[in-house]
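Trainee: Sharing a structure here in structure tokens format.
Just so you know, all these numbers are worked out from the coordinates, no wet-lab data involved. Quantities reported herein were computed from a predicted structural model and do not represent experimental measurements. FYI the Cβ positions are ideal-geometry reconstructions off the backbone, even for glycines, and counts take in every protein chain you see.
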Ligand SMILES: Nc1ncnc2c1ncn2[C@@H]1O[C@H](COP(=O)(O)OP(=O)(O)OP(=O)(O)O)[C@@H](O)[C@H]1O
Ligand SMILES: CC(C)(CO)[C@@H](O)C(=O)[O-]
Ligand code: BAL
């Protein structure tokens, strides 16, 4: 595996692969890799000849007071894991290489619909930061495909929309959430949890599962969501949102059959997110707007 920090070097190496007709896949990450990231690499390997992973803790997507400085940085271990997983190129630029004029002078990409509400509501500017850096990475790597995790479901939806809106010729592939044995979605931020908080954390997924079952049975939606929020609070979380949306993250309507439950909640120092697909029964017609 080649590890590159330099943009020109990245471009020249990838140009050669492209000239040979090889398909290129990109897996963008912020490092501190776990089995969730490795599932993205495996997916990329399946779909392309050359797998490029980027590792960049993007300051533009962190709000004031968020964990930019404390975000776990484990470069050597990440490098080993990527190499073992069959990644061909690791691109890890510096902040000044990607933002030579600083963040304030940087042109930004703003997707105005899908990124509203949910994490976009609680983290203002977050998805502009994500869309901007992902656009840059797409321009630098010019991949045929790019893989993103469904754990960050809204991020995946924003990127799909951005690629469509800007006519970027890239297939975006969503990868199923990788979970620990107790159901907790793997996430770098799980490392912030104390032993006791880690024992509580799977309540988030279990709550989504109970809600899914209740909604499938036709329980009234608003009451079920309120009950789920109460369960999270009682377990020690500070819920940020717990919502039911359609698969494109629009509001559900009487016709919605396939929906997503999406949640974010703070537990101690960590803000955890998770989501689960729900199939709504026809009887939800009467309860969708209650
Ligand atoms: N458990 C998981 N299953 C599948 N994909 C995942 C999982 N965790 C992260 N990813 C995906 O890996 C990519 C890089 O994410 P990132 O480096 O931010 O990791 P993370 O563990 O999500 O970190 P954070 O704690 O910051 O959310 C994203 O596309 C993300 O959706
Ligand atoms: C896509 C991404 C690498 C952009 O910085 C980041 O938001 C992430 O790790 O999910
Ligand atoms: N995995 C999403 C990156 C972030 O929370 O900033």
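Trainee: From Cα pairs below 8 angstrom and at least 6 apart in sequence, can you work out the relative contact order of the chain, rounded to a whole percent?
Mentor: Relative contact order, the chain: 17 percent.
Trainee: Over the chain, with a Gaussian network built from C-alpha contacts below 10 Å, which listed residue (46, 161, 151) shows the highest mean-square fluctuation?
Mentor: Largest GNM mean-square fluctuation: 46.
Trainee: Something else about it: Please give the Cα centre distance for segment 197-213 versus segment 31-58, rounded to the nearest Å.
Mentor: Result: 27 Å between the Cα centres.
Trainee: Something else about it: For residue 74 paired with residue 122, estimate the spin-label separation in nm (one decimal), with each label point 7 Å from Cα along the Cα-to-Cβ line.
Mentor: So the label points at residue 74 and residue 122 sit 2.4 nm apart.
Trainee: Over all alpha-carbon pairs in segment 102-170, figure out the percentage whose distance exceeds 15 Å.
Mentor: 51
Trainee: FRET efficiency for residue 216 and residue 47, Cβ-Cβ distance as r, R0 = 35 Å, nearest 0.05? Mind dumping the intermediate values first?
Mentor: Details: r = 33 Å, r/R0 = 0.93.
The value I calculate is 0.60.
Trainee: Mind checking the full-extension length gain between residue 96 and residue 8? Use 0.36 nm per residue of separation minus the Cα-Cα distance, one decimal, nm.
Mentor: 30.2 nm
Trainee: Report the gain in length on full extension from residue 104 to residue 257: 0.36 nm times residue separation, minus Cα-Cα distance, nm rounded to one decimal. Kindly include the intermediate steps, with their values, before the conclusion.
Mentor: Details: separation 153, 0.36 × 153 = 55.08 nm, distance 4.29 nm.
The residue 104-residue 257 span can extend by a further 50.8 nm.
Trainee: Sticking with this one: What is segment 188-281's relative contact order, in percent, from Cα pairs under 8 angstrom and six or more apart in sequence? Can you show the working numbers first?
Mentor: On the way: 146 pairs, mean separation 30.7, N = 94.
Taking the mean separation of contacting Cα pairs over the length of segment 188-281, I get 33 percent.
Trainee: For the chain, what is the mean residue ellipticity at 222 nm derived from helices alone (per DSSP H run of n ≥ 4: -39500 (n - 2.57); sum divided by total residues; nearest 500 deg cm²/dmol)? Could the numbers behind the result be given before it?
Mentor: Values: 10 runs with 110 residues, N = 290.
It comes out at -11500 deg cm²/dmol, rounded to the nearest 500.
Trainee: How big is the Rg/Rh ratio for the chain, C-alpha atoms only, Rh by Kirkwood, two decimals? Intermediate results must be reported in sequence, preceding the final value.
Mentor: On the way: Rg = 19.7 Å, Rh = 20.1 Å.
Across the chain, the Cα-based Rg/Rh ratio is 0.98.
Trainee: Something else about it: So, in nm, how far is label residue 20 from label residue 277 when the simple model puts each one 7 Å beyond its Cα toward the Cβ?
Mentor: A separation of 3.6 nm, rounded to one decimal place.
Trainee: How would segment 2-175 be classified by its alpha-carbon gyration tensor: rounded, prolate or oblate, with rounded meaning a/c under 1.5 and the a/b versus b/c comparison settling the rest? Numbers along the way, then the final one.
Mentor: On the way: a/c = 1.41, a/b = 1.31, b/c = 1.08.
It comes out rounded by the Cα gyration axes.
Trainee: Residues in segment 214-258 near a label at residue 164, defined as backbone nitrogen under 12 Å from the 7 Å Cα→Cβ point?
Mentor: Only 247-250 pass the distance filter.
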